[in-house]
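Trainee: Got a structure for you, written out below as structure tokens; questions coming shortly.
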Amino acid sequence: MWIMVCGPYTAGGADEAMRAARLAVMNRAALTLFRLGHVPVIGVNMALPVIATAGGDAYEEVMMPLSLALAERCDAVLRIGGPSAGADAELARFTAAGKAVFRRLEDVPPA
């Protein structure tokens with residue numbers, strides 16, 4: 001399965017160090033999914049290079065629209081971490097489509 005990993009990134013006014021730490025948590029989860037035989041996808045990893053290319057004020061223009069479009073293409077989602085409006089919006093796409101929702105890595109079956 002193509003599994004989106006979503007969780008807090010900028011939630012709560014996270015500073016640069018907190019955003020990096022949160023992204024590292026998502027990337028570690030992605031590695032575990034990969035080792036289970038799945039294709040992990042993280043919206044932040046897709047969006048950040050595009051935002052950097054577009055310039056500093058493109059965050060709002062790119063981050064959520066790109067992440068939500070990516071969610072449409074995935075088979076399932078792994079929701080990790082704490083409160084996040086963005087991650088909840090991604091999760092809602094999966095729920096509305098009747099796709100698999102995982103809340104713990106332990107619940108994801110091997111491919």
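Trainee: How much net charge surrounds Arg22 when only other residues with a Cβ under 12 Å from its Cβ are counted (Lys, Arg +1; Asp, Glu -1)? Please report the intermediate quantities before stating the final value.
Mentor: On the way: positive: Arg19, Arg28; negative: Asp15, Glu16.
Charge balance in the 12 Å sphere: 0.
Trainee: Over the chain, calculate the relative contact order: mean separation of alpha carbon pairs under 8 Å at least 6 apart, over the residue count, as a percent. Mind dumping the intermediate values first?
Mentor: Numbers: 165 pairs, mean separation 41.0, N = 111.
Reported relative contact order: 37 percent.
Trainee: What percent of all Cα-Cα pairs in the chain falls into each 5 Å bin, going from 0 up to the bin containing the maximum distance?
Mentor: For the chain, the pair-distance distribution reads 2, 13, 23, 26, 20, 10, 4, 1.
Trainee: Sticking with this structure for a sec: So if each residue of separation counts as 0.36 nm, and I subtract the Cα-Cα distance between Ala21 and Arg103, what length gain in nm does that give? Each step should come with its number before you reach the end.
Mentor: Details: separation 82, 0.36 × 82 = 29.52 nm, distance 1.92 nm.
Answer, rounded to one decimal: 27.6 nm.
Trainee: Can you give me the long-range amide H partners of Leu78? Hydrogens built in the peptide plane at 1.01 Å from N, cutoff under 5 Å, separation of 5 or more residues or another chain.
Mentor: Met4, Val5, Cys6, Phe102
Bear in mind that the values in this text are calculations on the coordinates, not laboratory data. Predicted, not measured: the structure shown is a model, and the values here were computed from it. Positions of Cβ are generated from backbone atoms using ideal geometry, with glycine treated the same way; all protein chains shown enter the neighbour counts.
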